[in-house]
Amino acid sequence: MAFVTEQQIQKFHEDGFLVLEEFFTTEECDAMRKQIHKIIADMEVPSHCRTVFSTKEEEQLQAQGSTDYFLTSGDKIRFFFERGVFDKKGEFLVPKEKSINKIGHALHAYDPIFKQMTHSSKVQELGRKLSLEKPVVVQSMYIFKQPGIGGEVTPHQDATFLYTEPLGRVLGLWIALEDATQENGCLWFIPGSHTGGVTRRMVRAPPGSTPCVQFLGSEQPYEDSQFIPVPISKGGLILIHGEVVHRSELNSSNSSRHVYTFHLMEAKDTIWSRENWLQPTPELPFPSLYL
């Protein structure tokens, strides 16, 4: 890993994101990809994906199953699928490794390979370079961005979903396990957009409500011309400020864009919102980055 300079840290504070090429080795990226294939091979499809729709009541049960599955995924390894990959009986219409949108949200805690990468000495050193005193890992995801069907991610701020008081305490680490290009859906950022707070929050709805979350406020409109593309090579890491506006486009290419990403929070003098969809649990309090 290249040494992170003070100038780079300063650029991160100015832009709200920072590209660090060659942060992980090819071998480390391949180890994560190999491990995810093993996880998929052993995957049991959640029952709410197997429901046969026939009545409104059953559709509601299916939606509730999906809701519970999502809301209780913070301390588990769970599977989230692309649309249209199951038939009415819940059987795969495509190979199962091509059906998944993402796997989350506790790979960092329960899988040995992803735990090792998340807490690697170079990630810990990056945390110290950023002057993080008590960083904790709040969630992790493996994102597939499948060829041809990997969906668009609309402009957003991570703090909309992972809200803290004060703001500015959440960081995303986004690791390219394959080259991320404009063709296969690299990230786009609005440089400097991390300084104006958040205009929208996703919060838990009252128990028993459908949908299980609701939005307060609204996303402000952004011009396409404000965004710049940020392609990155396999092994590169993008550091993402919790309030910087970013998006990615549909993957219309023939190549996937696999990514491992996780979020850190500076826990010192920080309140994690009880309204966030993601909550620490007795089984999995947010683990310290500095193991």
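At a glance:
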read-out	value
Efficiency of FRET between Ser225 and Ser131 - r from beta-carbon atoms, R0 30 angstrom, step 0.05	0.35
Computed label-point distance, nm, for sites Glu183 and Arg200 using a 7 Å Cα→Cβ extension	3.1 nm
Extension gain (nm, one decimal) between Ile9 and Lys96, 0.36 nm per residue minus Cα-Cα	27.3 nm
Accessible carbon and sulfur surface of the chain relative to its total accessible area, %, 1.4 Å	52 percent
Degrees between helix 56-71 axis and first principal axis of the chain (Cα, 0 to 90, nearest 10)	30 degrees
Cα-based reach from Lys38 at 28 Å (exclusive), listing lysines while leaving out same-chain residues under 8 positions away	Lys76, Lys88, Lys89, Lys96, Lys98, Lys102, Lys115, Lys122, Lys145, Lys234
0 to 90° range, to nearest 10: angle between helix 6-15 axis and the chain longest Cα axis	50 degrees
Positive-end residue of Ile190, Leu291, Ile39, charge dipole of the chain with Cβ unit charges	Ile39
1.4 Å probe accessible area per residue over the stretch 24-272, in Å²	46 Å²
Label-to-label distance, nm, for residues given as Thr72 and Thr281 (7 Å Cα→Cβ offset)	0.7 nm
Surface accessible to a 1.4 Å probe, Arg128 within the full protein complex, Å²	140 Å²
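The values are calculated or read from the model by the stated rules, or taken from the named source; none is laboratory data. Since the model is a prediction, treat every value here as computed from it, not as a measurement. Quick reminder, even Gly has a Cβ in these numbers, built from the backbone with ideal geometry, and neighbours come from all protein chains shown. For the accessible areas, the whole protein counts, side chains as well, though only heavy atoms, and no ligand, DNA or RNA atoms are used. Shrake-Rupley method; radii C 1.70, N 1.55, O 1.52, S 1.80 Å.
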